[in-house]
């Protein structure tokens with residue numbers, strides 16, 4: 001277990017979605033608005049609320065899942081735009097985020113089973129027999145769990161800097177984060193982790209953000225530009241369920257027959273062993289790293305990232 005315990009792991013997964021439109025110059029609100037203009041908005045009715053999604057492109061649909069869990073999906077607009085060059089990109093505003101807001105948030109309205117049911121309802125609404133599913137960070141684990149539940153409807157998976165398929169692979173995360181922080185920030189982070197409340201979590205996330213980028217200056221800048229896009233109640237309800245202590249999805253993955261691309265920034269503080277472990281758990285998987293990139297390779301190395309997606313969607 002990481003030095004600061006499971007709460008830090010959940011905090012990390014949540015952190016990975018906090019930036020919304022402020023990750024770098026390319027991802028400014030104006031730039032993301034330009035991406036947004038490429039998409040149409042749709043919605044389907046769920047129990048007490050509407051589930052919104054954005055779509056662009058044509059062909060077999062590709063479901064795109066943001067991470068966190070619990071943050072808005074805007075930061076993945078560049079990913080969706082890259083996918084739309086090949087197939088129909090479906091960027092969902094997941095339950096509890098964006099405009100997809102249940103009347104109240106608790107364990108009865110916010111859990112993994114309901115999230116997977118949302119994906120199935122959306123697939124049936126689109127009249128798609130099969131689709132590709134892309135998941136980033138904690139969204140990668142949701143994509144995997146969906147493929148386990150509905151293997152006949154998931155043609156292939158793309159896992160972007162995904163959380164690992166077993167709890168043991170999270171072990172190096174704490175040390176990798178701490179290794180990239182100054183001593184004063186390490187001490188401050190440890191103190192914040194001992195506190196409760198959204199304010200302490202946000203301050204801890206700001207410190208940790210520095211370690212999620214290959215470009216330290218960019219990471220420091222992003223720590224100062226954290227937005228309020230994270231839905232903390234959603235994040236902590238789903239986070240504990242997505243990565244419970246000692247979880248291990250590997251025994252359930254060997255039967256999945258679809259192609260899997262494990263795509264990560266080489267400098268992501270998540271142990272690269274986790275990417276290889278994920279690759280080995282599937283029958284038909286490949287792992288690919290993007291150099292000089294951290295947890296958000298499409299922002300730090302957009303050309304290399306887009307090429308990796310192009311290669312995947314144009315190969316069989």
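Given the range 115-269, what percent of its DSSP beta bridges are antiparallel, to the nearest 5? Can you show the working numbers first?
Values: 1 of 12 bridges.
Roughly 10 percent of the beta bridges in the range 115-269 run antiparallel, per DSSP.
How do 239-249, 67-77 rank on mean C-beta neighbours within 10 Å, highest first? Before the final figure, lay out each step's value.
On the way: 239-249: 16.2, 67-77: 28.5.
Per-residue mean Cβ counts within 10 Å order the peptides as 67-77, 239-249.
Name the shape class, rounded, prolate or oblate, that the alpha-carbon gyration tensor gives for the range 211-316, where a ≥ b ≥ c are the square roots of its eigenvalues, rounded holds for a/c under 1.5, and otherwise prolate holds if a/b is larger than b/c and oblate otherwise. Before the final figure, lay out the partial values.
Working: a/c = 2.04, a/b = 1.17, b/c = 1.75.
Oblate.
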Degrees, to the nearest 10: 138-149 long Cα axis against longest axis of the chain: 40 degrees
Could I have the simple spin-label model distance between residue 250 and residue 130, label points 7 Å from Cα toward Cβ, reported in nm to one decimal? 2.8 nm
Rg [Å, one decimal], Dmax [Å, integer] - the chain, C-alpha atoms: 17.8, 54
Rounded to the nearest 10 degrees, the helix 302-314 long axis (Cα) sits at an angle to the longest Cα principal axis of the chain of 30 degrees
Gain in span if fully extended, residue 273 to residue 311, counting 0.36 nm per residue against the direct Cα distance: 11.4 nm
Ranked by how many other beta carbons lie within 10 Å on average, peptides 88-100, 162-174 from highest: 88-100, 162-174
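Please work out whether the range 239-295 counts as rounded, prolate or oblate from its C-alpha gyration tensor, where a ≥ b ≥ c are the square roots of the eigenvalues and a/c under 1.5 means rounded, while otherwise a/b larger than b/c means prolate and anything else oblate? Write out the running numbers ahead of the final one.
Values: a/c = 2.53, a/b = 1.19, b/c = 2.13.
Oblate is the answer for the range 239-295, as a/c is 1.5 or above yet b/c matches or exceeds a/b.
Contact order normalised by length for the chain, with contacts defined as Cα pairs under 8 Å and 6 or more residues apart; what percent is it? Walk me through the intermediate numbers first.
Numbers: 650 pairs, mean separation 66.3, N = 316.
Relative contact order here is 21 percent.
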Considering only DSSP beta bridges whose two residues both sit in the chain, what percent are antiparallel, to the nearest 5? 35 percent
If one takes the longest principal axis of the Cα atoms in the chain, at what angle in degrees, from 0 to 90 and to the nearest 10, does the Cα axis of helix 272-281 lie? 30 degrees
According to a simple spin-label model (label point 7 Å from Cα along Cα-to-Cβ), what is the distance in nm between residue 50 and residue 190? 5.1 nm
Distance between the range 252-266 and the range 119-184 - C-alpha centres, whole angstrom: 10 Å
Per its Cα gyration tensor (rounded if a/c is under 1.5, else prolate when a/b beats b/c, else oblate), the range 59-202 is best filed as prolate
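Report, in deg cm²/dmol and to the nearest 500, the calculated mean residue ellipticity at 222 nm for the chain, where each DSSP H run with n ≥ 4 adds -39500 (n - 2.57) and the sum is divided by the residue count.
Values: 13 runs with 128 residues, N = 316.
It comes out at -12000 deg cm²/dmol, rounded to the nearest 500.
Values quoted throughout were computed directly from the atomic coordinates according to the rules given, and no laboratory measurement underlies them. Predicted, not measured: the structure shown is a model, and the values here were computed from it. Using ideal geometry, Cβ is built from the backbone for each residue, glycine included, and neighbour counts are taken over all protein chains shown.
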